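Notes follow once the structure below has been shown.
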Amino acid sequence: MNQNRRLLSFERPRRRMIEEQLIPAGISDARVLQAMNTVPRHLFVDNALRNHAYQDSSLPIGEGQTISQPFMVARMSELLALEGHERVLEIGTGCGYQTAVLSCLCRRVYSIERVAALHDKARKNLRQAHHANVMLKCGDGLLGWEEYAPFDAIMVTAGGFASDVWINQLCEGGVLLMPEGEKGSHRLVRRRKLAGGIEEAYFDACTFVPLLKGELRR
Ligand code: SAH
């Protein structure tokens, strides 16, 4: 099957994901719903899992990691309230699916993954899905990406506790969104960097794979 036909062939399950999962679960930002309807999620999972790609669940992507549940990708994207002009740093590229969704919503996405095998996989997936406004790096996201700072938003897609450098690498008015907490029990927190301090808001309880130190190459 050629690329175009394969993209088209999953149109119906993708539309059902929007109508039967995301909208009923409360996702309402039209740009986010449009992005979720555009990105071919099935190209970001292994062949054997393609038919499950639009299910309401996370799925394994290798190296003990997962592609986040569609709802969580949409929810986190919505909480950033992007308008299209922003530069966004993502920590935890995984297979690149959230990266692809973000790339539809802002000017440029910078994404860091600590596991080299996943970084390579994400590069391949993003190329195949034709997402060009993305820069990927293999390394420890806890260090941020100084070279391209400051960012309008930082989204962390692994659970744990914030690194101090992230707030430093935000613009004034910029937001840091992450699943915060001890292993297995996280809550989404959004912190906005303002001239007078940090404004903080808590959202959904959730469970993410852990945020770990250092990079992994083998
Ligand atoms: N964004 C992905 C979610 C991937 S799971 C999606 O679209 O579904 C989270 C990823 O964070 C894993 O691949 C894990 O290896 C990575 N990760 C964990 N700690 C990290 C760190 N310190 N720096 C960069 N990536 C990290």
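Things worth noting here:
- For the stretch 165-201, the set of residues classified as open to solvent by 80 Å² or more (accessible area, probe 1.4 Å) and under 18 Å from the mean Cα position of the chain (by Cα) consists of ARG187 only.
- Residue match in the stretch 86-100 (condition: surrounded by fewer than 20 Cβ atoms within 10 Å (Cβ to Cβ) and either modelled with pLDDT of 95 or more or touching a Pro at 6+ places or on another chain (Cβ under 8 Å) (or both)): yes
- Unmet requirement for HIS42, which otherwise passes all of (1) more than 20 Å from GLU146 (Cα to Cα); (2) open to solvent by 10 Å² or more (accessible area, probe 1.4 Å); (3) over 14 Å from the mean Cα position of the chain (by Cα): (2)
- Residue match in the stretch 51-62 (condition: more than 13 Å from the ligand (Cβ to nearest atom) and hydrophobic (A, V, I, L, M, F, W, C)): no
- Taking the stretch 67-179 and the helices (runs of 4 or more DSSP H) fully enclosed by it, the elements with 1 or more residues that are more than 24 Å from ILE18 (Cα to Cα) are at 116-128, 164-168.
- Lone qualifier among PRO24, PRO13, PRO60 - being open to solvent by 40 Å² or more (accessible area, probe 1.4 Å), modelled with pLDDT of 95 or more and under 18 Å from the mean Cα position of the chain (by Cα): PRO60
- Flag for GLY84 being under 18 Å from PHE208 (Cβ atoms), out of contact with any strand residue (DSSP E or B) (no Cβ under 7 Å at 6 or more places or on another chain) and of a type outside the set (Lys, Arg): no
- For the criterion of being in contact (Cβ under 8 Å) with a residue 40 or more places away in the chain, of a type in the set (Val, Ile, Thr), within 14 Å of the ligand (Cβ to nearest atom) and open to solvent by less than 40 Å² (accessible area, probe 1.4 Å), THR157 passes.
The values are calculated or read from the model by the stated rules, or taken from the named source; none is laboratory data. These numbers were taken from a predicted model, which means no experiment stands behind them. Glycine also receives a Cβ, built like all others from the backbone with ideal geometry; neighbour counts cover every protein chain displayed. Remember, those area values only see protein heavy atoms, side chains included, never the ligands or the DNA or RNA. Shrake-Rupley method; radii C 1.70, N 1.55, O 1.52, S 1.80 Å.
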